[in-house]
Structure formats: C-alpha cells, structure tokens
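Trainee: Before I ask anything, here is the structure I am working with.
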Amino acid sequence: MAKKIILDVDPGVDDVLSLCLALFDPNLEILGITSCGGHVSASLALKMIQGILDYLDPPRLPRLGMGTDLLEKYLPQQRAFGTNTDLSDLGQNITGLCTVHPAEKIISDLVHSYPHEVTILTCGPLTNIARTFARESDLSTLVHRLIITGGTITEPGNASPMAEFNIYRDPVAARQVFRCRAAKTLVPLDVTNRVTFNYDLLAHLPPETTKIGEFLRRIIPQTLYSYRQHLGMERMYAQDTVSLLTLLCPDLFQCKMMYGEVECTGELTRGVTVFDRRHNVSVNTNLDVVTEVDASEAKLFIQERLQRCGHPSL
C-alpha cells in the first residue's frame, strides 16, 4: 500500500528533486503540497509548485495550499546557497488558482481524513506546521510521523555560522514543532551534507525526450555551476531528497532519540538546534534524530529512482 504524504516546501533545487521523486514514485501517495515562505514568498512558492505540476504532468495531482509569509525579512547572506529555483524559463504562463486554500486547512483536512496514516515531510521553515498545530492542539497526535529537514548537531550552519536555514528562518515555529506531541524525525545537515552530486548525475536522469528529463537537465547544470562559482565546490547538495529517503528507504539510516531545543533570540545563536547529550542526565527525548547515512547507497538509490521517473509505465 502506498504511503500517504504531505509535502511542505519552499521550492529550491533540492525541493524540486524531492518533488520529482515523490510525484512519480508508485510507493507514495502525495495527498497535498503546501507552500511555505523561505527562499521566496509563500505565494510565489505556490506558483512555482503549480508550474512544476503543470509541466511534469504527474500521474496523480495533489491538493495545493498556500502558507503565510513571515513578517520578518531576511538578509541576502542569510539565504541558504544554491536553493533558489527560477521557473520562468519553462515556456508557459503560470496562472493563479481560482481558490487558494490556506496551508493549515489543507494539512488539517488531510490528516483528519486519514488519521494516523499521513506523514508530513517539511522541506522549508516550520511556519505552516506550527500554525496548523496551534489551531488544533490535538492534530499533532493524529499525524503518523513528521519528517523535518533542518537543524545541525555539529556541522556548520548554512544561514549563519551555527544555524541551518530552515530553522533560522522561523526559530519560534521550529521550537513549537520540536515541543509538539507528534512523532518526529529530524534530518540535520550532519547527514544531508554527506550525500552530494556532481555532473555525473546528468547521466542518471530520465531520457531527454521526457518532460522530467528535459526539465532536470535545465536546472541541475545551472546549480552545479553556481556551487562552483560561489563556493568553489564541484558538487551540489540535495538535503530535501535525502530526507525523503528516510521514508522511502529507512534501512540506509541510523537514528538516535534525543532531546532537542531551538534558540530563538540569541544575537549569534538564533536558530541553533541544541541537543542535550550529557551523560547521566535524565531528560525526556522528543526527537528521533538521524545521525548516520550510507551515503554511497543513498546516492545510488536517488539516481535509480530518478531514472525510473521517466519510465512510461509511471
């Protein structure tokens, strides 16, 4: 039976890869996709999601919802690098939905329709999830699992020296979600940064004659070039895709139950995820934190699934 999932995204290149894998995987039933404000505004993120769906024409169309933007603006240097995706070259006009439903309504409706069956994968700031659970305090207990892409244990941050972008953008929401009663899995930079791709990835994409193959060949070379030009790296990360793998292929990962919190107001430590790892101290754990990944097998799995996305039977 296909696993039911909601994707909460702020489309960047890594979000796009995870969307492509999820939309064409027969083992997943994408019930809904909600946009959150992160790299771009929630409204623009929704149009980008629409553009991806219209262009790729997946076998199943999910419900769409739009999140609420944060009032606080971020500085350019606080943006996670290499994650902004421009869909303006898709060769089509992206029109708005006739009726735009709030992300909280879409998440609430779907979780109530399938209690204890829906996994929510967050690929951006946790604003939508925090707002949804604040409206209905018991809703978190009806979620099968919440998979959070974000945070860092010992790895340097990508929004500040110590903070990961998704947590940094809305640390208050992240703290609320960390403290909620849902079963939670955190996939931090310490794990996602171990799975990287270079130009060899182009050889493992669907055929160029397929829409998804042509689409990915447009955005991936640009991203790899940007990583090289701005960071001096010959490879790119795919954080959100690695998080999706914890659902598709959990045997590739090792996890540890921890107690985690988020710093909200520190001048230098805003958005830092803090884990109590003291010995001989009894604390109530609240997160299942992914600590290890078989990086080579994860990379092969992603490449194999990407090739299958262009199969005519899917």
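The values are calculated or read from the model by the stated rules, or taken from the named source; none is laboratory data. Bear in mind that the values here come from a model prediction, so they are computed numbers and not experimental data. Every residue, glycine among them, receives a Cβ derived from its backbone with ideal geometry; neighbour counts consider all protein chains shown. Heads up: the accessible areas ignore ligands, DNA and RNA and are worked out on the full protein's heavy atoms, side chains in. Shrake-Rupley method; radii C 1.70, N 1.55, O 1.52, S 1.80 Å.
Trainee: Name the residue that is nearest to residue 154 (Cα to Cα), counting only residues in segment 282-297 that are of a type outside the set (S, T, N, Q) and part of a loop (DSSP other than H, G, I, E, B).
Mentor: Per the criteria, the residue is 294.
Trainee: Can you list residue pairs whose Cβ atoms sit under 7 Å apart, with the first residue in segment 44-68 being on the phi < 0 side of the Ramachandran plot and the second being modelled with pLDDT under 90 and among the acidic types (Asp, Glu)? Count only pairs 6 or more apart in sequence or on different chains.
Mentor: So the pair list comes out as 45/10.
Trainee: Can we say residue 173 is within 21 Å of residue 244 (Cα to Cα) and open to solvent by less than 30 Å² (accessible area, probe 1.4 Å)?
Mentor: Considered against the rule, which asks whether it is within 21 Å of residue 244 (Cα to Cα) and open to solvent by less than 30 Å² (accessible area, probe 1.4 Å), residue 173 comes out as no.
Trainee: Report, by residue number, each residue of segment 127-149 that is in contact with a strand residue (DSSP E or B) (Cβ under 7 Å, 6 or more places away or on another chain) and either among the charged types (D, E, K, R) or open to solvent by less than 20 Å² (accessible area, probe 1.4 Å) (or both).
Mentor: Listed by number, the residues that qualify are 128, 129, 143, 145, 146, 147, 148, 149.
Trainee: Name the pairs whose Cβ atoms lie under 9 Å apart, with the first residue in segment 279-292 and within 15 Å of residue 247 (Cα to Cα) and in contact (Cβ under 8 Å) with a residue 40 or more places away in the chain, the second among the small types (Gly, Ala, Ser) and part of a loop (DSSP other than H, G, I, E, B), and 6 or more positions between them or separate chains?
Mentor: 288/183; 289/151
Trainee: So is residue 300 assigned to a helix (DSSP H, G or I), at pLDDT 90 or above and within 22 Å of residue 154 (Cβ to Cβ) or not?
Mentor: Spelling it out, it is not the case that residue 300 is assigned to a helix (DSSP H, G or I), at pLDDT 90 or above and within 22 Å of residue 154 (Cβ to Cβ).
Trainee: Can I ask one more? Within segment 193-215, how many residues are closer than 15 Å to residue 153 by Cα and either open to solvent by 70 Å² or more (accessible area, probe 1.4 Å) or in contact (Cβ under 8 Å) with a residue 60 or more places away in the chain (or both)?
Mentor: 1
Trainee: Quick one: residue 161 ticks every box in (1) more than 18 Å from residue 288 (Cα to Cα); (2) open to solvent by 20 Å² or more (accessible area, probe 1.4 Å); (3) outside any loop (DSSP other than H, G, I, E, B); (4) not acidic (Asp, Glu) except a single one, so which number is it?
Mentor: (3)
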